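Have a look at the structure below before the remarks.
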Amino acid sequence: MITSNFEYTHRIVKNLMDIEGAKEVIENSPILPVWQSRLQKEALVRQAHHTTRIEGAQLTIEQVRDLVDEKPIVARERDI
């Protein structure tokens with residue numbers, strides 16, 4: 001069993017309270033629908049880009065954006 005030698009200080013507790021307060025503001029703030037769709041699209045693009053990089057594919061983030069926008073992509077010789 002691992003034991004740690006850790007104690008809360010006033011500074012740590014204050015920082016944790018500030019973080020919790022900011023989290024509440026963010027979670028309870030309304031988001032405009034246009035921003036929500038943009039953020040969802042960007043999250044999809046980044047997830048697909050990182051997934052293809054892990055798999056070893058040569059898709060750039062711009063190519064993934066084109067795919068999401070249903071635009072054709074062109075592979076360059078160095079991308080193959």
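Here are the numbers for this structure:
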read-out: Test: residue in the stretch 29-36 that is surrounded by fewer than 10 Cβ atoms within 10 Å (Cβ to Cβ) and modelled with pLDDT of 95 or more; value: no
read-out: Those residues of the stretch 39-61 which are modelled with pLDDT of 90 or more and exposed (fewer than 12 other Cβ atoms within 10 Å of the Cβ), in sequence order; value: L39, Q40, A43, Q47
read-out: Close pairs (7 angstrom Cβ cut-off, 6 or more residues apart or separate chains): at negative phi in the stretch 22-44, in a helix (DSSP H, G or I) anywhere; value: K41/V68; L44/V68
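The values are calculated or read from the model by the stated rules, or taken from the named source; none is laboratory data. Model, not experiment: these values are computed from the prediction. Here Cβ is always computed from backbone atoms with ideal geometry, including for glycine, and neighbour counts include all displayed protein chains.
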